[in-house]
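The values are calculated or read from the model by the stated rules, or taken from the named source; none is laboratory data. Fair warning: this is a prediction, and the values are worked out from it, not measured in the lab. So basically every Cβ, Gly included, is an ideal-geometry build from the backbone, and we count neighbours across all protein chains shown. When the accessible area is computed, the model is the full protein with side chains, heavy atoms only, and any ligands, DNA or RNA have been set aside. Shrake-Rupley method; radii C 1.70, N 1.55, O 1.52, S 1.80 Å.
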Amino acid sequence: MTSAPGPSGIPYSIWKPVHKANEQHLPALFTPLLTHGCRPLAMKKANGIVLDKLGKPDHSTPASFRIIVLLETVSKILKRLSALRLASAARSLGLLHPNQCGSLAGLGCFDAVATLTHEVRLLLAASFKVSTLFLDVKGGFDNVCANMLANTLTKGGVSAYLVAWIKSFLSKRECRLIFQGAPKVFCPVAVGTPQGSPISPLLFVLYIASLHPTIPQGLAISYVDDLTITVGSDSVCSNIRALQYFFGIIQRRGADLGVAFSVLKTELIHWRTPKDRSDVSFAPIVINDMLFPPSQPVRWLGYFFFSFFLFFFLNHMFIVSTVQEMTCIFNDMAKTKPKIKLTINK
């Protein structure tokens, strides 16, 4: 593992020779902490690196910045072990929604994209008009309530020691912000889960699992804090009404958890096949008294989606590794779209 060190400045490179010299040291340290559901105060201090958010027109508000939390490296080893145990328990106990991706082994952003495109393709093949609403959870990890999460895990059957450790992990935390001119004084943090922790994405995914509604002709898919609602019907107008209905359900469930959505980031797309000769629909949707016309294209999880059911991967660093996967999808789409020539600039 490689990561920037926390307040003590001790890097990961120290712990490998320590463990190699005596394989009992770290287990002897971690076992009682997990057994008794305890996390020492020294492990709860962190540095908060303030970074600019890309694409912001100005940086005059706190929302224009992102804080990456640098925790003590030894505590991150313990959190990684706890995350593995919690992920295994969550899968076996059914605490995760089947349509959730991200922070889970074997379920990355490509799985979310493939699931979405597969569902759209099935609905289009059934001659339905298909629409998708793209949503973003506001604040993400900052919304997690430790007590509500602990109650959810306890009711779900998670071991008491693991629940106690998670409550300890989320309580009595301290952080000091690192930027030019900062006083470097530790201040208490009483909300959410720290970004940069190996277990935080999993805790958030478990926290919002109940947001996903059951859609008779469609699907709700999420990747950590990015959520989509896809519906199919005989008309675009019916799709819009259905999307508004299911968004209302998700919004009410989110309110019960203290979770809200960044409505300004909402996007809409009406799918169609290249063989569709009907008029292109520009019907908008109204969400929280705000009007959202269909977007062209929509960017989601690093992919560009176009209404005629074509998508391209955005990050050129990973294009080569995903060409075979994309080629398979394009071949599967041959029945609903003409052949295309994909050129990769090396």
Options (1) -0.75, -1.21, -1.26; (2) -0.50, -1.13, -1.34; (3) -0.59, -1.11, -1.22 for log10 I(q)/I(0) by the Debye sum over Cα atoms at q = 0.09, 0.13, 0.14 Å⁻¹; the value derived from the coordinates is listed as (3)
For the chain, the dipole about the Cα centre with charges only on Cβ (Lys and Arg +1, Asp and Glu -1), to the nearest 20 debye, works out at 600 debye
The helix 160-170 Cα axis meets the longest alpha-carbon principal axis of the chain at an angle in degrees, between 0 and 90 and rounded to 10, of 90 degrees
Heads up, the stretch 51-107 by the C-alpha gyration tensor (a ≥ b ≥ c square roots of eigenvalues; a/c under 1.5 rounded, else a/b over b/c prolate, else oblate) looks oblate
Taking only the Cα positions of the stretch 229-277, the convex hull volume per residue in Å³ is 87 Å³
Sorted on mean Cβ neighbours within 10 Å (highest first), peptides 260-266, 140-146 come out as 140-146, 260-266
Measuring from the longest principal axis of the C-alpha atoms of the chain, the long axis of helix 12-21 (C-alpha) lies at a number of degrees, nearest 10, equal to 60 degrees
So the carbon and sulfur contribution to the accessible area of the stretch 43-162, 1.4 Å probe, in percent, is 58 percent
Per the helix-only model, the chain has a calculated mean residue ellipticity at 222 nm (DSSP H runs of ≥4, -39500 (n - 2.57) each, divided over all residues, rounded to the nearest 500) of -11500 deg cm²/dmol
Going through K138/K172; K44/K265; K56/K138; K16/K167; K76/K167; K155/K265 one by one, the pairs whose alpha carbons sit over 22 Å apart turn out to be K138/K172; K44/K265; K16/K167; K155/K265
Using alpha-carbon positions, the gyration tensor of the stretch 1-125 gives root eigenvalues a ≥ b ≥ c; with a/c under 1.5 called rounded, otherwise prolate if a/b exceeds b/c, else oblate, the class is oblate
Expected sort for 209-220, 83-94 on mean C-beta neighbours within 10 Å, highest first, is 209-220, 83-94
Counting only protein heavy atoms and rolling a 1.4 Å probe, one gets per residue an accessible area for the chain in Å² of 52 Å²
Of all trypsin sites (Lys or Arg not before Pro) in the stretch 9-58, the ones in DSSP coil with at most 10 other Cβ atoms within 10 Å are K53
Tilt, helix 319-332 to longest principal axis of the chain (alpha-carbon atoms), in degrees rounded to tens, equals 40 degrees
When the charge dipole of the chain is computed with +1 at the Cβ of Lys and Arg and -1 at the Cβ of Asp and Glu, the Cα pointing farthest to the positive end, of N288, I10, I166, is that of I10
Rh (Kirkwood, all Cα-Cα pairs) for the stretch 4-44, Å, reads 11.6 Å
In units of 2.2 N^0.38 Å, the Cα radius of gyration of the stretch 171-212 is 1.52
Between the alpha carbon centres of the stretch 60-115 and the stretch 116-171 the gap in Å comes to 11 Å
